[in-house]
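Everything on this sheet refers to the single structure shown next.
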Amino acid sequence: MLQSSGLAAVSAALLAMNRQLEVRDVLQTIVASARDLLDAEYAALGVPDDQGGFAQFVVDGVSDEQWKAIGPLPRQHGILAAMLHEATPQRLADVRADPRFEGWPSAHPELADFLGMPVADGENVLGALFLANKRCPPARDAPGQGPPDEAARGCSFSEDDERLLRLLAQHAAIALTNARLHERSRELTIAGERARIAHDLHDAVAQKLFSLRLTAQAATALVDRDPGRAKAELHEIDRLTAEAAEELRAAVVELRPAALDEDGLVATLRTQIRVLHRAHSAEVAFSAEGSPRALPSAHEEALLRVAQEAVHNALRHASAVRVDVLLTFGAASVRLRVADDGRGFDPKAVRKAGRHLGLVSMRDRAQCVGGRLTVQSEPGKGAVIEMEVPGG
């Protein structure tokens, strides 16, 4: 049974979990709460993807330097796989002695006693939560002997620890599900707001264009018989054009993809490419080189839109088996490269046939931000789209 202090600690942990609204924050709070409550040296929580790895993996008790040195995220194998695929708790006196143990990278901390629990919503396993290296309470040295080691004191996770972790995992599933629903609701709200803005933009621009047309017609009719009034009408055209341009600029800012504002270009591209990889049979990969940095919003959106258009062409029109998207940050510019192994095309023949495959809009986007776009392709040999924008 938990004492009152233990109940207070559990209550505080559950409140902290349900107070968070962002998925990443919920995951981190779950891990930190579990490690603190069960007095473990290390804690981690992995959210699986559908490729045999983890979409998210958060840890507590490991420094940033240690985490970078460990290397790539673990795969769904061994004991982690048992928690995810069989939805079974795992309590081990020494994880290294388990026949499913497959080792870890050289920079990985040494783990001994282990307690793992699936985080599940009904039959849907959302993740795997585990703790390692139970801390032992201080022990006094026996007369004439040195301090006993933890193994000698039988320091490991108990049945009570397992019950407590199961309770935390149940509430963690609720908190994680709520956070995901919140994020989904926010996405739908943003999508609805963008649709509203687009509708308003259409109406506003249509009205401005109608006014411009009428004013231009009036100026044409007056230019010979009343040059003064024609000049006034031309000034009105200038004013209406400036207003229309300002409305368009404001709308572009509002319609800029929210993910760019929140996550930046690299994270947004990586996420979108990951989604495309899952949605298509083709292999779609993203990588970034150099030191990522923030660019002017117009530059980032232009790079994102060109990448989307180029990948779309490769998947929908070129029947590509593999598409590689590379973003390179140089000293004075940023280069986007989208290469595919699809059927390819003759750029000159495409232009003559009046088909553009989005090339015109891609070139326009590049030119609008002071960049340039190059296209290399020929039938049967895939295509390479490159865009370079200034950004030192």
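Quick look at the numbers
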read-out: Contacts under 6 angstrom Cβ, first residue in segment 252-273 being surrounded by 15 or more Cβ atoms within 10 Å (Cβ to Cβ) and hydroxyl-bearing (S, T, Y), partner at pLDDT below 85 and in a helix (DSSP H, G or I), 6 or more apart; value: T268/A259; T268/L260
read-out: Residue count for segment 63-74, restricted to those that are in contact with a strand residue (DSSP E or B) (Cβ under 8 Å, 6 or more places away or on another chain) and part of a loop (DSSP other than H, G, I, E, B); value: 2
read-out: Conditions (1) crowded, with 18+ Cβ neighbours inside 10 Å; (2) without any contact (Cβ under 8 Å) to a residue 60 or more places away in the chain; number of the one not met by A314; value: (2)
read-out: Tally of residues being among the basic types (K, R) and in a helix (DSSP H, G or I) across segment 299-332; value: 2
read-out: Filtered residue count, segment 34-67, keeping only those that are surrounded by 18 or more Cβ atoms within 10 Å (Cβ to Cβ), aliphatic (A, V, I, L, M) and either more than 25 Å from A12 (Cα to Cα) or under 16 Å from the mean Cα position of the chain (by Cα) (or both); value: 2
read-out: Test for L84: is it assigned to a strand (DSSP E or B), crowded, with 18+ Cβ neighbours inside 10 Å and in contact (Cβ under 8 Å) with a residue 40 or more places away in the chain; value: no
read-out: Count of residues meeting criterion [open to solvent by 40 Å² or more (accessible area, probe 1.4 Å), in a helix (DSSP H, G or I) and in contact with a Leu (Cβ under 7 Å, 6 or more places away or on another chain)] in segment 87-106; value: 0
read-out: Residues of segment 350-377 classified as under 19 Å from L315 (Cβ atoms) and either loosely packed, with under 12 Cβ neighbours inside 10 Å or modelled with pLDDT under 90 (or both), total; value: 8
read-out: Residue in segment 180-203 that is within 28 Å of V62 (Cβ to Cβ), outside any strand (DSSP E or B), at pLDDT 85 or above and open to solvent by 40 Å² or more (accessible area, probe 1.4 Å) present; value: no
read-out: Enumeration of residues in segment 268-290 that are farther than 17 Å from D340 by Cβ, aliphatic (A, V, I, L, M) and at pLDDT 90 or above; value: A288
read-out: Selected residue [open to solvent by 20 Å² or more (accessible area, probe 1.4 Å) and either modelled with pLDDT of 90 or more or touching a His at 6+ places or on another chain (Cβ under 7 Å) (or both)] from A128, A112; value: A112
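The values are calculated or read from the model by the stated rules, or taken from the named source; none is laboratory data. Small disclaimer: the values here were computed from a predicted structure and weren't measured. Neighbour counts are summed over all protein chains in view; Cβ atoms, including those assigned to glycine, are modelled from backbone coordinates with ideal geometry. To get the accessible areas, we keep the full protein, side chains included, count just its heavy atoms, and leave off ligands, DNA and RNA. Shrake-Rupley method; radii C 1.70, N 1.55, O 1.52, S 1.80 Å.
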